[in-house]
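The values are calculated or read from the model by the stated rules, or taken from the named source; none is laboratory data. A quick note: this is a predicted structure, and the numbers were derived from the prediction, not measured. Here the Cβ positions follow ideal geometry from the backbone for every residue, glycine too, while neighbour counts run over all protein chains shown.
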Amino acid sequence: MRSMLVIGLGRFGSHLALKLMELGNEVMAVDEDEEIVNTLAPSVTCAQIGDCMDEKVLKSLGVANFDICFVCISSNFQSSLEITSLLKELGAKRVISKTNREMHAKFLLKVGADEVVYPERDMAIRTAFKYSARGAFDYIELSREYAIIEIEVPTDWVGSSLKTLNVRSRHHINVIGAKSGGSVVPVTSPDYVFHDGEHLIIAGEKKDLLTLANSR
C-alpha cells in the first residue's frame, strides 16, 4: 500500500483517485471546488477543500509524507506549473503532473516534475491501435516501437503448443499470458498448449503485432 496525494479533481483526477483506492492505496484528494470534494469524499481515504496555489495549504497537507503527488490540473497551466514547483520545494518525494501539450511538459519537468503524463494523447494512441488491429481487444504502448496487445487465440493455434508452433521465430512476438474467464495466467513454458476461446497477451514490435492481429 502506498500513500498518494491527488491535486485537482476534474475527470482525470477523480478517476485516478478512485482507481488508486481500488488498487489498495491510501489517497488524499484535494480541490478548491467544495461540491466535487464532497462528492468524492466517501470514496477516498481523505478529501480536503483547498487552493493548492497557496503554499500554506500545501504545507498543511504534509506533502513530504506521500509516496507520490499527482498534479491533475489541465485547465490552468500556470497553476499546474506553480503547484508542481511548490511540491518539490516542500520536499515531495515524487511529483507526476498531467498535461496535454509537449511545450507545457518541458516547463513542468524544468520546475521539478519527475514525470509528465498525457492521458488524452495516450488514450488516442491506444484507441487508434486497437481499432487498426481487427483482432485486438486491448493495447498498451511500451515505447515508439514496442507494445503489448490482447488478441483471441488464432484458430490454427488451438491444440498446439508454443514450442510446436515456434511462435517467436515465425511471428517475432512473445506470448506472455493467457486470459480465460477474466483471469490471466503467465505463459512461461514452451509446452503451453493453446485453448479455444482464450485470449492471449502478446508483446513485440508494433508492426509484428498488427500483422498477427490482422491475419485472423
Those residues of region 94-128 which are in contact with a helix residue (DSSP H, G or I) (Cβ under 7 Å, 6 or more places away or on another chain) and part of a helix (DSSP H, G or I), in sequence order: His104, Phe107, Leu108, Pro119
Scan of region 91-108 for residues that are farther than 24 Å from Ser14 by Cβ and either touching a strand residue (DSSP E or B) at 6+ places or on another chain (Cβ under 6 Å) or modelled with pLDDT of 95 or more (or both), ordered by number: Gly91
Candidates Ala178, Ala128, filtered to the one that is surrounded by 12 or more Cβ atoms within 10 Å (Cβ to Cβ) and either hydrophobic (A, V, I, L, M, F, W, C) or touching a strand residue (DSSP E or B) at 6+ places or on another chain (Cβ under 7 Å) (or both): Ala178
Any pair with Cβ under 6 angstrom, 6 or more apart, that starts in region 76-105 at a residue that is farther than 17 Å from Asp122 by Cβ and ends at one that is surrounded by fewer than 15 Cβ atoms within 10 Å (Cβ to Cβ) and not acidic (Asp, Glu): Gly91/Ala64
All positions within region 16-34 that are of a type in the set (A, V, I, L, M, F, W, C) and within 14 Å of Cys52 (Cβ to Cβ): Met28, Ala29, Val30
Filter pass, Ile140 being of a type in the set (Val, Ile, Thr), within 25 Å of Thr84 (Cβ to Cβ), surrounded by fewer than 16 Cβ atoms within 10 Å (Cβ to Cβ) and at pLDDT below 90: no
Strands (runs of 3 or more DSSP E) wholly inside region 142-208 that include at least 1 residues being among the basic types (Lys, Arg) and touching a residue at least 12 places away in the same chain (Cβ under 8 Å): 173-180
Any hit, region 72-93, residues being in a helix (DSSP H, G or I), closer than 25 Å to Arg2 by Cβ and in contact with a Ser or Thr (Cβ under 7 Å, 6 or more places away or on another chain): yes
Number of positions in region 16-35 that are surrounded by 14 or more Cβ atoms within 10 Å (Cβ to Cβ) and within 23 Å of the chain's Cα centre (by Cα): 12
Residue in region 24-44 that is under 16 Å from Ser79 (Cβ atoms), in contact with a Leu (Cβ under 8 Å, 6 or more places away or on another chain) and not aliphatic (A, V, I, L, M) present: yes
Residue within region 63-75 that is free of Cβ contacts under 8 Å to residues at least 24 places away in the same chain and within 18 Å of Gly50 (Cβ to Cβ) present: no
Yes/no for Cys69 being surrounded by 18 or more Cβ atoms within 10 Å (Cβ to Cβ) and not β-branched (Val, Ile, Thr): yes
Subset tally (residues that are at pLDDT below 95 and either assigned to a helix (DSSP H, G or I) or aliphatic (A, V, I, L, M) (or both)) for region 37-55: 2
